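Novice: Please see the structure below; I have some questions.
The values are calculated or read from the model by the stated rules, or taken from the named source; none is laboratory data. What you see is a predicted model; the values in this text were computed from it and never measured. Note that we place each Cβ from the backbone using ideal geometry, even for glycine, and neighbour counts take in every protein chain shown. These area figures cover heavy atoms from the full protein model, side chains too; ligands, DNA and RNA do not enter into them. Shrake-Rupley method; radii C 1.70, N 1.55, O 1.52, S 1.80 Å.
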Amino acid sequence: MTNYQLARMANKIRQDVVAMLEAAGSGHSAGPLGMSDVFAALYFAIMRHDPKNPDWDKRDICVISNGH
């Protein structure tokens, strides 16, 4: 995936975050909006995964904590 495509995916993630926050009527926006580029790069360019086979034993696992 090109850098341009990754940037577009990150913007789509941001749009989805805003839509979810609006639908919920509350929530915290700073963390997910700020991390959208990281999420896009990990999911679409770096991590090994297969959405059709979520139990694939060679998949990468990422644990993210955005605490205070």
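Novice: Output the residues belonging to the stretch 7-30 that are aliphatic (A, V, I, L, M) and under 11 Å from the mean Cα position of the chain (by Cα).
Specialist: Restricting attention to the stretch 7-30, the residues satisfying the condition of being aliphatic (A, V, I, L, M) are 7, 9-10, 13, 17-21, 23-24, 30.
Once the filter is applied, which keeps residues that are aliphatic (A, V, I, L, M) and under 11 Å from the mean Cα position of the chain (by Cα), the stretch 7-30 yields MET9, ALA10, ILE13, VAL17.
Novice: If you don't mind, there's one more thing I want to ask. Could you check the stretch 1-32 and list, in sequence order, the residues that are modelled with pLDDT of 95 or more, farther than 21 Å from ARG59 by Cβ and aliphatic (A, V, I, L, M)?
Specialist: ALA7, ALA10, VAL17, VAL18, ALA19, MET20, LEU21, ALA23, ALA24
Novice: Those residues that are exposed (fewer than 15 other Cβ atoms within 10 Å of the Cβ) and not in a loop (DSSP other than H, G, I, E, B), I need them from the stretch 19-32; list them, please.
Specialist: Listed by number, the residues that qualify are ALA19, MET20, GLU22, ALA23, ALA24, ALA30, GLY31.
Novice: Only residues that are within 16 Å of the chain's Cα centre (by Cα), farther than 18 Å from GLN5 by Cβ and either open to solvent by 80 Å² or more (accessible area, probe 1.4 Å) or not acidic (Asp, Glu) (or both): list them for the stretch 38-68, please.
Specialist: Within the stretch 38-68, ARG48, ILE61, CYS62, VAL63, ILE64, SER65, ASN66 qualify.
Novice: Can you say whether ASP16 is touching a residue at least 12 places away in the same chain (Cβ under 8 Å) and surrounded by 10 or more Cβ atoms within 10 Å (Cβ to Cβ), as far as the supplied structure shows?
Specialist: When the stated conditions are applied, ASP16 does not pass them.
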